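Have a look at the structure below, then the notes.
The values are calculated or read from the model by the stated rules, or taken from the named source; none is laboratory data. Keep in mind that this is a model prediction, so the values were computed, not measured. Heads up, the Cβs are rebuilt from the backbone with ideal geometry, glycines too, and the neighbour counts pull from every protein chain shown. Each accessible area value is taken on the protein alone, full model and side chains, heavy atoms only, with ligands, DNA and RNA left out. Shrake-Rupley method; radii C 1.70, N 1.55, O 1.52, S 1.80 Å.
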Amino acid sequence: MFSTLQRGAKWLLLIKFTLLLLLPISALAQSIAELTKDMDKKNGFYPFYLDNSQGKVFVEIAQFNSPFIFQSSLPYGVGSNDLGLDRGQLGDTRLVQFERLGNKVLLKQLNTYFRSDSNNPAERQSIKEAFASSVIAGFTIAAESDGKVVIDYTDYLLSDVHGIGRKLSEMKQGNFSVDANRSAIYPPRSKAFPKNTELEALITFKGAKPGNYVKQVTPDPHSLSVHMHHSFVQLPDDHYQPRSFHPYSGYWSVEVKDYASALDEPMEKRFIPRHRLIKKNPGAAKSEAVEPIVYYLDPGVPEPVRSALLDGASWWAQAFEAAGFINGYQVKILPADADPMDIRYNVIQWVHRATRGWSYGSSVIDPRTGEILKGHVTLGSLRVRQDLLIAQGLTSAYDGSPAKQAAAKAMALDRIRQLSAHEVGHTLGIAHNFAASVNDRASVMDYPHPLVTIDNKGEVVLNGAYDKGIGEWDKQVIAYGYSEFDGNDAQQLAQVINTGKDKGLLFISDPDARSMASAHPTAHLWDNGKDAVAELERLTTVRAKALSHFGINSIGQGMALSQLEERLVPIYLFHRYQVEAAGKFIGGLDYEYELKETQAPQGSQIVDSKKQQAALDAILATIDADFLALPEQTLKLLLPKAYGENRSRESFNSRTGVTFDAISAAEVAAKHSLSVLLHPTRLNRLNEQAVRVDRGLGVAQLIDGIFKHSVKAKPAEGLAGQIQTRVSYLAIEMLIAQFNSNKVAPEVKAVIFDKVTGLIPWLSKTRRHGLLKQQLQWFETTGKWESRFTPLAVPPGSPI
């Protein structure tokens, strides 16, 4: 039995303990020294502590509401081009700040698009209150001393900040989530420096129903482990001067919406992304830089590719020299002790994937000003092998001639030089220029096709397939972005623009060039020459010559004959991109990026109808049976896959099982050409232009041309005759597909209907295409089409 005094004391202790539990956690928080006494401290921009015994990382915060750059990245990737989760991939660049509310610390991403560049604090505050910010992480204070706090950052570092699980789900590659038990801090690459703090973790995703892309690259597709990296970066000082964007400048645009703009001024403000580069001697025509732009090449690149990449990346020094900087731009090998994800290094990384794919240049950009803080280039390692394969296929290099093999290797290395310069250009802030090929390959920012020729002996020649050195347009762009001016920037920038235009330098970028049905007649990817139609005709001659030599000498000694098919594909389809270039004449519209200025605008011009007809004739020649048929001696060598090898995405699709399908290969090539001609927007544009221009090319004439080279072509014999039949069915299938497309204008559908049903009387007079006639009769009666086959997909071409 307890006495009354004892019972009272017991209740008093219980009340005290309960009150203690109700106290704010911050009141119970131990000091930073007590919490971290056995931890490894890293001093820097944001100091942090590694608790190796518990596998935790704690971040020290001395100042709240102080913005900085938060950059996520992927040091160790997945290795699939299709997924795009590459080694070295940069994630989102965020302007963030730590904020304290009671015992909570929030990491808030600030809204940088909507702003008020006003001297009125209330006006600036109104923008903050009007548009949402995003709290991306929350932490509880673990310790506090002398105005500083320490938070446990572990859970956020081990989270999927890069969005890998979301990406895999979007790509239908399974449902993956972070497994904390198989994830851990990675101390070797967690470091702190005066202006940046770098944290890294190994993160494992557990998944169900993994897709083929995941299975292709992981030892256990249910367990996918990568590294993720977090960078805290001090904001640059306010001495950087943003440079205004001009649509002809050749740069990407960083855009913000400024609510403090005058009523008669646009709210959208645009400036270009660029590195900070300042002359030591501002008044000198040429001067060294206060701090040069230095790029560091991945030391893991093997020779001779390493030297080629160094050479290509270094080409930009020519442009900076022309802009007045001595050694203002440099390329070096990344030091052995440097981390490529460290924000202080501009890096060119050599990245391996399971299949060939794109290379790209990304940057960490201060969203307030457009200042580039880090350039990061990703170069796919299999690109150079694809170019070598194309070069060997073009010349049948294994005929015992060392010179041919050397020329093929030289062509592949020339391409990788150009690729290195191209992707570095992006990290300097520069956009694509897909009109540069018209100006005699004036820019490395174009997508180049190998400029292959035939010599006076009738041999395919690879010398000069890719240009070397920086182009005139590239110097123009660097002059706009990096030249130092004497204070009258607007006037001098306008002078740079006028200089480029006076030289006749053209600039057309992605939105006006990417689509197969783009209208601009000079905006092409993977093309050459001033005249796309003339180049197509020349290129088909090169293709014919290469195919005439194609065979046993197109592969090396000891290789399976079945590997010939992968070498055949890019040669057989060697014309594919020039077809797209020529196709832009049809329904084409010539224009440039113009501003309202003192002189009268040039406006747009419909491409001359004669040029449109020439383009149509050149493309239709590529669906002729004699163009598409391969000789019997070549077909005999195209064997089914040798045991131990498999067909791949680089092979032609086949309707004949494991054997090479010559008719379906022709179908694929013809489908590509017809897809260019019958793209919905091209048909709609062509129909409109025909009534605007006297005797302009119209949809009816285009369809008549297709029929002349397919259904109504003079009957051929043997394999060519079978190809002719397949192309005829393909043409009708594709025309009916456009008739049924909601993207095609009704007046265009009327023309298609009249033309395809108008074939019925003609087909009735011939014994050819009986099934086709039956289908068309049903279509004419019911308006419905009974498809007999689905056209095969074209093997991948880009990138080359």
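Overview of results
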item: Accessible surface of the range 296-426 [probe 1.4 Å, protein heavy atoms]: carbon and sulfur percent; result: 55 percent
item: Shape call, the range 512-663: gyration tensor on alpha carbons, a/c limit 1.5; result: prolate
item: Computed over the range 672-800, Cα set: Rg, Dmax in Å; result: 15.3, 47
item: Reachable aspartates and glutamates from residue 409, criterion Cα separation under 14 angstrom, eight or more residues apart if same chain; result: 303, 387
item: Cα long-axis angle, helix 680-692 against the chain (0 to 90 degrees, to the nearest 10); result: 60 degrees
item: Cα gyration tensor category, rounded, prolate or oblate, for the range 495-578 with a/c compared to 1.5; result: prolate
item: Hits among lysines - C-alpha to C-alpha of residue 765 under 19 Å, sequence gap 8 or more where chains match; result: 708, 712, 714, 755, 773
item: Alpha-carbon radius of gyration plus Dmax, which is the widest Cα pair, for the range 129-275 in Å; result: 21.3, 61
item: Distant-in-sequence amide H partners of residue 325 (H built 1.01 Å from N, under 5 Å); result: 287
item: Under the Karplus curve 6.51 cos²θ - 1.76 cosθ + 1.60, θ = phi - 60°, whole-Hz ³J(HN,Hα) for the range 770-786, x wherever Gly or Pro sits; result: x, 5, 5, 4, 4, 5, 5, 5, 5, 5, 5, 7, 10, x, 10, 10, 9
item: Rough spin-label spacing in nm, given labels placed 7 Å along Cα→Cβ, for residue 123 and residue 502; result: 3.9 nm
item: Surface share of carbon and sulfur [accessible, 1.4 angstrom probe, percent] for the range 495-601; result: 54 percent
item: Proportion of all alpha-carbon pairs of the range 393-514 beyond 24 Å (%); result: 41 percent
item: Per residue solvent-accessible surface (Å²) - the range 267-403, probe of 1.4 Å; result: 37 Å²
item: Inter-site label distance for residue 651 and residue 787 at 7 Å from Cα along Cβ, in nm; result: 2.4 nm
item: Share, in percent, of DSSP beta bridges within the range 286-402 that are antiparallel, nearest 5; result: 30 percent
item: Sites residue 557 and residue 281, calculated FRET efficiency, Cβ-Cβ separation with R0 56 Å, nearest 0.05; result: 0.40
item: Pair residue 602, residue 112: separation of 7 Å Cα→Cβ label points (nm); result: 3.5 nm
item: Rg over Rh, two decimals, the range 395-457 (C-alpha only, Kirkwood Rh); result: 1.10
item: Candidate lysines for bridging to residue 503, where Cα separation is under 19 Å - those fewer than 8 sequence places away on the same chain excluded; result: 475, 530
item: Span per principal axis, largest first, for the Cα atoms of the range 107-180 (Å); result: 51, 40, 14
item: From the C-alpha gyration tensor of the range 281-438, square roots of 5λ in Å; result: 31, 18, 15
item: Over the range 43-180, relative contact order from alpha-carbon pairs under 8 Å, at least 6 apart, %; result: 22 percent
item: Contour excess over end-to-end distance, with Cα ends at residue 354 and residue 459 and 0.36 nm allotted per residue; result: 34.3 nm
item: Stretch gain in nm, segment residue 202-residue 326, where the contour uses 0.36 nm per residue and the Cα spacing is subtracted; result: 40.4 nm
item: Accessible surface, per residue, of the range 583-667 when the full set of protein chains is kept, probe 1.4 Å, Å²; result: 54 Å²
item: Relative contact order (%) - criterion: Cα under 8 Å, at least six apart; region: the range 673-730; result: 21 percent
item: Burial ranking of peptide ranges 225-231, 736-742, 192-198 (average Cβ count within 10 Å, highest at the top); result: 225-231, 192-198, 736-742
item: Proximal lysine pairs, the range 238-346, alpha carbons under 26 Å, eight or more residues apart or interchain; result: 4
item: Solvent-accessible surface ranking, highest first, for 598, 790 at 1.4 angstrom; result: 598, 790
item: Pairwise centroid distance, computed over Cα atoms, of the range 667-690 with the range 468-538, Å; result: 27 Å
item: Under Karplus coefficients 6.51, -1.76 and 1.60, residue-wise ³J(HN,Hα) of the range 127-144 in Hz, glycine/proline x; result: 5, 4, 7, 7, 10, 5, 9, 9, 7, 9, 7, x, 9, 9, 5, 9, 7, 8
item: Added length on full extension, which subtracts the Cα-Cα distance from 0.36 nm per residue, residue 241 to residue 777; result: 186.0 nm
item: Stokes-Einstein diffusion coefficient of the range 608-704, Kirkwood radius over Cα pairs, 20 °C, 1.002 mPa s, in µm²/s; result: 134 µm²/s
item: Between helix 4-22 and the chain: long-axis angle, C-alpha atoms, 0 to 90°, nearest 10; result: 40 degrees
item: Interatomic Cα distance distribution for the range 658-744, bins of 10 angstrom, percent; result: 16, 43, 28, 11, 2, 0
item: Cα long-axis angle, helix 662-677 against the chain (0 to 90 degrees, to the nearest 10); result: 70 degrees
item: Residue-by-residue Karplus 3J(HN,Hα) for the range 321-326, coefficients 6.51, -1.76, 1.60, Hz, glycine and proline x; result: 4, 5, 8, x, 10, 8
item: Residues whose placed amide H lies under 5 Å from that of residue 279, excluding near-sequence neighbours; result: 290
item: Cut-off under 5 Å, modelled amide H: who pairs with residue 528 long-range; result: none
item: Residue-normalised accessible area of the range 93-198, given per residue in Å² at a 1.4 Å probe; result: 51 Å²
item: Over the chain, relative contact order from alpha-carbon pairs under 8 Å, at least 6 apart, %; result: 8 percent
item: The chain: Cα Rg divided by the 2.2 N^0.38 Å rule of thumb; result: 1.14
